[in-house]
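**Student:** I have a structure I would like to understand better, so I am pasting it below and will then ask my questions one at a time.
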Amino acid sequence: MAANDATHVDAEHGLKKRGALGAADRLSAIIESSDDVIIGKTLDGIITDWNAGAERVFGYAPEEIMGASILTLIPQDRRAEEDEIIARLKNGERISDFETLRQRKDGSLIHISLTVSPIRSADGMVINASQTARDITARKQTETLLAQQSERLQTLYRVASEISRDLDLDRIVQSVTDIGTELSGAKFGAFFYNVTNAAGESYQLYTLSGAAREAFNFGMPRNTAVFAPTFAGEGVIRSDDIRTDPRYGHSAPHYGMPPGHLPVVSYLAVPVTSVSGEVLGGLFFAHDEPGKFTADTENLVSAIAAQTAVAMDNARLHKAAQQEIEQRRRAEGQRNFFFTN
């Protein structure tokens, strides 16, 4: 037999063999091998079919989930969705690209895009339903990240616009303290900053936000192990519970927070450093509950601190220029006085 004839016979044999599987078997094999979730259910919400994609995404083996309610996969606060889906199916409607949350076997939630189709009997009655789902968690996480980044950029632009227009140091530091307290989610915040008077003497002031001044019940922070890194410009300190920090509670006379101090558990401290490297002060935020400040909070406040340093430098240059103009005016006045007398 010629090679071409043998190939033709083999092809015919393969077609006959595949045909012997039957259309239902082939469809079953396609469904089982699909990466997407494919689930069959009754109109009462009982799961009748469960492919490998469903097992991979949700974590249930077929023998664990077949015969169970579809509500097993639906978070408690979203179960009303199933009533709506069933009602629409009974009317013969197909639901496409319905984005929602579902629950895995381990309790974790995933974002899915859901399509549900009615299955009809020979006489056209809707008797069951098939639903396919695609895990879109990665896409949703990306969308959330992009939204957060956009919101952060808008926030920083607003902060920069608000403080860069002002050349009054007192207003700048109070505005930054208020904004930082609000955006960080802190219960209260403080900004300790250094100023220099006309005589060249340096001293420290502070602004407060989130509570009345008398509620803070503290003076200037001392150079303790907790405060020192901020005032030295060494970096950010963020703690879910500052009371457990190894640097906390070792300094006399209070060995911790003084009596009557507002309760500090979550703690975030960010140095405000000039472009020249000079430490202008420190932003301090606190909450009376643990774990309130995240890495995103730290990044946001650090960016605000950088904007603050620029605004403070500008305010100081403006003040210095004003002082120089005033000194020249006084000197000119004295010279005119001598020449006219």
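The values are calculated or read from the model by the stated rules, or taken from the named source; none is laboratory data. None of the values given here were measured: they were computed from a predicted structure. With ideal geometry, Cβ positions are generated from the backbone for all residues, glycine too; neighbour counts draw on all protein chains shown. Heads up: the accessible areas ignore ligands, DNA and RNA and are worked out on the full protein's heavy atoms, side chains in. Shrake-Rupley method; radii C 1.70, N 1.55, O 1.52, S 1.80 Å.
**Student:** Using the beta-carbon distance between ALA138 and GLU332 and R0 = 51 Å, what value does 1/(1 + (r/R0)^6) give for FRET efficiency, to the nearest 0.05?
**Tutor:** Computed FRET efficiency for ALA138 and GLU332: 0.15.
**Student:** A follow-up question, please. On average, how much accessible surface per residue is there in the stretch 69-195, in Å², for a 1.4 Å probe, leaving out ligands, DNA and RNA?
**Tutor:** Values: 6980 Å² over 127 residues.
Averaged over the residues of the stretch 69-195, the accessible area is 55 Å².
**Student:** Using 0.36 nm times the number of residues separating LYS319 and LEU145, minus their current alpha carbon distance, what extension gain do you get?
**Tutor:** 58.5 nm
**Student:** Tally up the carbon and sulfur contribution to the accessible surface of the stretch 90-145 as a whole percent, 1.4 Å probe, everything protein left in place.
**Tutor:** 49 percent
**Student:** Could I ask something else about it? Calculate the FRET efficiency for ASP178 and ARG88 from the Cβ-Cβ distance with a Förster distance of 56 Å, rounded to the nearest 0.05.
**Tutor:** With a Förster radius of 56 Å, E is 0.70.
**Student:** Let me ask something else. Sort VAL301, VAL310 by accessible area with a 1.4 Å probe, largest first.
**Tutor:** In descending accessible area the options line up as VAL310, VAL301.
**Student:** Distance in nm between label sites at GLU63 and ILE46, each 7 Å beyond Cα in the beta-carbon direction?
**Tutor:** 2.0 nm
**Student:** Then there's this: Leaving ligands and nucleic acids out of the surface, order SER276, SER108, SER209 by accessible area at 1.4 Å, largest first.
**Tutor:** Putting SER276, SER108, SER209 in descending order of accessible area: SER276, SER108, SER209.
**Student:** Whole number please: convex hull volume per residue, Cα atoms of the stretch 134-195, in Å³. Walk me through the numbers before you get to the answer.
**Tutor:** On the way: hull volume 5.6 nm³, N = 62.
Normalising the Cα hull of the stretch 134-195 by residue number yields 91 Å³.
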